[in-house]
Amino acid sequence: MSNATVERTSDAAESPQTWSTLQRVVLPELDQLDTVPLYMDTGNAMGVQLSTMNGDARPDTSGVSAPVSGKEVHSEDFLSRRSTSVRPGERVSFGTYFNAFPASYWRRWTNLETVRLSVRTKGAGAVSVYKSNARGSLQHMETQRVTSSTTSTFDLSLKPFGDGGWYWFDLVGGTEELVLEEADWLAPGEPVAPGTVTLEITTLNKTDFCINNLRILGEHPEALACVKEVLIVDQGTQKVAEAEGFAEVEAMLGGKLRIINQDNLGGSGGFARGMYEAVESGSDYVLLLDDDVVMEPESISRLVTFADRCKTPTIVGGHMFDLYNRTVLHTFGETVNPYRFQPDQPHEDMTLGHDFVRSNLRHTPWLHRRVDVDYNGWWMCLIPTKVIRDIGLSLPVFIKWDDAEYGLRAKSAGYPTVSMPGSAVWHVSWIDKDDLVGWQAYFHTRNRMIAALIHSPYEHGGRVVRETSYIDLKHLISMQYYTAQGRVMALRDLLKGPEHLHDLLPTKLPEIRGMVKEFSDSQIQPGPEAFPAPTMHKPPRHGRGFAAPSYTSLVPWAAKTVVRQLTKKVPASSQEHPQAYVAHQDNKWWRMSQYDSAVVSNAEGTGASWYKRDPKVLRELLAEGVRLNAEILRNWKKLSDQYREALPEITSIESWKKTFAAHSEESK
């Protein structure tokens, strides 16, 4: 529980001092033992030698850094959520994602100067404390031998952690079993009064996920200690309140659960409703959660405890792990590249999709550098209501870019965002989706451009219009005409101005989906047997297959490809039979541009669609896309002024309140 108060007496027989809990050491649920490496690992803390100059691991004779091979964990060793046993003579480390202490974040964003580690054990062995610096170099701090029932305490300074670094501890078993009963990271002094939270989940027909997360909250009452209300904004047709198991979880939450039914206003409409309700109820924070996640409930108290102690009101978010490969961290923090206006990593050493099984925290140098971000994804994000009252609610853009724009808006108003290590959810990763094609392409295109119009520091938005043109062309020569049509619609709506955004919330998605019947590339069939057998009358030249053009040959290659697709007659045979069946991972623009037709599987693996080349559609969409991008570029300054001037009004509580009233169940 956050801000719990404990009293300890120092070894020097000083007077008792009050300490409050910052972070509890926790262990995985027994039905989630595949996540053990995120909580605890085995092996020698100094088993991999890291360079003190740059943090690189010293390679073996093959030139490859050799990770420490940990021992197998045993389910029977986990005694409770907070307690585990260490077998005689073995070592376990809590230098892990969920249990190491991210000292540099506390050093940077709070006024805390020292922290105490308290470890309560039973049995004989040793407790060893380590720290790292921003380069990932590891340093032994202190070891205390323990016998019988002992509480070991270590008072640790945060001064050395200006650019990065963690604290953690290892346990070493003696001749007998050593049991960790509990461990905590503590702050000196009286606890800070905990802020109150409206925990809000926006959902669209994800009833199973919602019931599961409500059950997780009910089974971990400590996670609800500071939660004033659990709010479900239900925008679907399959209602959470009617789902199997709802009555049970509602009872578990002890009257804290409330459901609001409203029309589908997208993620931005759902999350904006959560922001609005948090302000109206007087909560100090709103905690936004995606519906299709599995939460680590300890993250809630960690986010709130950290936010309570920040120097200024701060947005604090959790990280996202892969739901289907639970030791894989999708990203450690995100920024927006101001020139390209694309999501970017804060520094070049970071690795997307880092697997803690392959390289744990102690042996991954880049994880020790503090990461400062522009925004945090709204899969799990804590926002102070003071920030909401000052800068408004989400942009009314349905989905995509709402979280990034809000982070940039908050940053310009003086409110930072922190992506806090040790706080996370499990969510389907982007590699298992492809939301750049299909109906979502409209929102990606329009909303990225809107965010750039509002926040880009560059004249004409840097590269954003040019890249939009390039992306349009890639989709067109790949025969993704449904996607290209959505992108054209996005640019048209952008030019209409910001005053229409609220009106488009409930109507644009049905309009886009209504076009599906017009494009074969958007019509999903369950499998390849739903299509005629592939027939390729003219095989690739010399049997070499298709290769991506080089950087130097890209422009002439693209020109030649476009001319060929515009002028070459489509063979009748390719309309009757696809030329190939293309797996999703092979669906590359430079490959697809060489076909006249092909059946392509989707990212989810649930079906496939038939792409067919159509010179007439290509000509019309290409011309319209070029015209619209040219108009946006020519009028960039005027459009930018319009969207910036409208921002306070379209994101205001008053404007959103009118939208909610028009689209909520209560108003019907």
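Things to note:
- Considered as a group, the residues in the stretch 260-282 that are over 13 Å from T202 (Cβ atoms) and over 25 Å from the mean Cα position of the chain (by Cα) include one that is surrounded by the most Cβ atoms within 10 Å (Cβ to Cβ), and that residue is S281.
- Inside the stretch 427-465, residues that are β-branched (V, I, T) and within 14 Å of the chain's Cα centre (by Cα) make up a count of 2.
- Filter result for V617 (within 16 Å of H475 (Cβ to Cβ), of a type in the set (V, I, T) and touching a Ser or Thr at 6+ places or on another chain (Cβ under 8 Å)): no
- Some residue of the stretch 208-215 being surrounded by fewer than 22 Cβ atoms within 10 Å (Cβ to Cβ) and among the hydrophobic types (A, V, I, L, M, F, W, C): yes
- The condition of being without any contact (Cβ under 8 Å) to a residue 60 or more places away in the chain, within 22 Å of P297 (Cα to Cα), surrounded by fewer than 20 Cβ atoms within 10 Å (Cβ to Cβ) and of a type outside the set (S, T, N, Q) holds for only one of D390, D355, that being D355.
- Of the helices (runs of 4 or more DSSP H) contained entirely in the stretch 486-590, those carrying at least 1 residues that are in contact with a helix residue (DSSP H, G or I) (Cβ under 9 Å, 6 or more places away or on another chain), within 25 Å of K616 (Cβ to Cβ) and free of Cβ contacts under 8 Å to residues at least 40 places away in the same chain fall at 508-513, 554-567.
- In the stretch 87-108, residue surrounded by the fewest Cβ atoms within 10 Å (Cβ to Cβ) [restricted to those that are among the charged types (D, E, K, R) and under 11 Å from D170 (Cβ atoms)]: E90
- Q594 farther than 27 Å from G269 by Cα, crowded, with 17+ Cβ neighbours inside 10 Å and either β-branched (V, I, T) or assigned by TED's automatic domain parsing to the domain that holds G462 (or both): yes
- Within the stretch 333-426, strands (runs of 3 or more DSSP E) holding 3 or more residues that are within 26 Å of R107 (Cα to Cα) and under 19 Å from the mean Cα position of the chain (by Cα): 380-384
- If only residues of the stretch 597-620 that are of a type in the set (A, V, I, L, M, F, W, C) and over 19 Å from A572 (Cα atoms) are counted, the one that is surrounded by the most Cβ atoms within 10 Å (Cβ to Cβ) is A608.
- Summed over the stretch 457-476, the residues that are more than 20 Å from L618 (Cα to Cα) and either of a type in the set (F, W, Y) or not in a helix (DSSP H, G or I) (or both) give a count of 4.
- Tabulated pairs, the stretch 197-209, first without any contact (Cβ under 8 Å) to a residue 40 or more places away in the chain, second among the aliphatic types (A, V, I, L, M), C-beta under 7 angstrom, 6+ apart or interchain: T207/V240; T207/A243
- Filtered by the rule that a residue be over 26 Å from E620 (Cα atoms) and among the small types (G, A, S), the stretch 426-456 gives S429, A451, A452, S456.
- If the condition is being farther than 13 Å from A183 by Cβ and either of a type in the set (D, E) or surrounded by fewer than 20 Cβ atoms within 10 Å (Cβ to Cβ) (or both), then the stretch 111-125 contributes N111, L112, E113, T114, A124.
- The stretch 630-668: number of residues that are of a type in the set (V, I, T), part of a helix (DSSP H, G or I) and under 28 Å from the mean Cα position of the chain (by Cα): 3
- Each residue in the stretch 305-318 was checked for being surrounded by fewer than 24 Cβ atoms within 10 Å (Cβ to Cβ) and not in a loop (DSSP other than H, G, I, E, B), and 3 pass.
- Scan of the stretch 223-238 for residues that are within 20 Å of R302 (Cβ to Cβ) and within 23 Å of the chain's Cα centre (by Cα), ordered by number: A223, L224, V227, V230
- Within the stretch 1-39, being modelled with pLDDT under 80 and either within 12 Å of P188 (Cβ to Cβ) or exposed (fewer than 14 other Cβ atoms within 10 Å of the Cβ) (or both) holds for T5, V6, E7, R8, T9, S10, D11, A12, A13, E14, S15, P16.
- Any hit, the stretch 247-258, residues being without any contact (Cβ under 8 Å) to a residue 60 or more places away in the chain, in contact with a Ser or Thr (Cβ under 9 Å, 6 or more places away or on another chain) and of a type in the set (G, A, S): no
- Hey, L257 buried (at least 19 other Cβ atoms within 10 Å of the Cβ) and over 21 Å from the mean Cα position of the chain (by Cα) or not: yes
Per-residue answers, yes or no, for (1) in the same structural domain as R492 (by TED's automatic domain parsing); (2) surrounded by 23 or more Cβ atoms within 10 Å (Cβ to Cβ); (3) on the phi < 0 side of the Ramachandran plot; (4) in contact (Cβ under 8 Å) with a residue 24 or more places away in the chain:
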{"site": "V425", "(1), (2), (3), (4)": "no, no, yes, yes"}
{"site": "S429", "(1), (2), (3), (4)": "no, no, yes, yes"}
{"site": "T445", "(1), (2), (3), (4)": "yes, yes, yes, yes"}
{"site": "M449", "(1), (2), (3), (4)": "yes, yes, yes, yes"}
{"site": "L453", "(1), (2), (3), (4)": "yes, yes, yes, yes"}
{"site": "H460", "(1), (2), (3), (4)": "yes, no, no, yes"}
{"site": "R463", "(1), (2), (3), (4)": "yes, no, yes, yes"}
{"site": "Y470", "(1), (2), (3), (4)": "yes, no, yes, no"}
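- Meets criteria (assigned by TED's automatic domain parsing to the domain that holds F94 and either within 31 Å of the chain's Cα centre (by Cα) or under 26 Å from I315 (Cα atoms) (or both)) for G125: no
- Filtered residue count, the stretch 285-304, keeping only those that are in contact with a helix residue (DSSP H, G or I) (Cβ under 6 Å, 6 or more places away or on another chain) and in a loop (DSSP other than H, G, I, E, B): 3
The values are calculated or read from the model by the stated rules, or taken from the named source; none is laboratory data. What you see is a predicted model, and the numbers here were worked out from it, not measured in a lab. Note that we place each Cβ from the backbone using ideal geometry, even for glycine, and neighbour counts take in every protein chain shown.
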